[in-house]
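Worksheet: one structure, shown below.
The values are calculated or read from the model by the stated rules, or taken from the named source; none is laboratory data. Treat the numbers as computed from the prediction; the structure is a model and nothing was measured. Backbone-built Cβ (ideal geometry, glycine too); neighbour counts: all protein chains shown. Just the protein is used for accessible areas: all its heavy atoms, side chains included, with ligands, DNA and RNA removed. Shrake-Rupley method; radii C 1.70, N 1.55, O 1.52, S 1.80 Å.
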Amino acid sequence: IMEVILEKKMSLSRLAEPVKIYPQLLQNVRVADKKTARENPEVIKAVDNVADEGRILVCESGTEPVIRVMVEAATDELCAKYVAQVVDVMKAEGLAVEA
């Protein structure tokens, strides 16, 4: 970072001005099979629907039977809406299990 600051002759705050920080929400969903849940066509479709208005990350936990659904969007309300949409699809497809 220091090399860029010196090369551009700009402060870090000025270099970071274009970066927008959005609200984010993370929800863990306990599942019977992580790969099956992540690769389910309906889950993939729900994830693709979010991509138009925000950023979404759906990944497997490395240590527990959990799929992590994280959304970044313009508002907290949009984050909650999109996380709920994906989680609801997982539940409707019978992928989520109760702890």
Item to complete: Determine, yes or no, whether V4 is surrounded by 14 or more Cβ atoms within 10 Å (Cβ to Cβ) and in contact with a helix residue (DSSP H, G or I) (Cβ under 9 Å, 6 or more places away or on another chain).
Response: no
Worksheet item: So which residues in the stretch 57-99 are open to solvent by 40 Å² or more (accessible area, probe 1.4 Å), β-branched (V, I, T) and free of Cβ contacts under 8 Å to residues at least 40 places away in the same chain, if there are any at all?
Response: T63
Worksheet entry | Those residues of the stretch 17-31 which are over 13 Å from R55 (Cβ atoms) and surrounded by 11 or more Cβ atoms within 10 Å (Cβ to Cβ), in sequence order | Q27, N28, V29, R30, V31
Worksheet item: Can K20 be described as without any contact (Cβ under 8 Å) to a residue 40 or more places away in the chain and within 30 Å of M2 (Cβ to Cβ)?
Response: yes
Worksheet item: Only one of (1) free of Cβ contacts under 8 Å to residues at least 12 places away in the same chain; (2) under 16 Å from the mean Cα position of the chain (by Cα) fails for L26. Which number is that?
Response: (1)
Worksheet item: Which of the following residues is small (G, A, S) and touching a helix residue (DSSP H, G or I) at 6+ places or on another chain (Cβ under 7 Å): A37, A74?
Response: A37
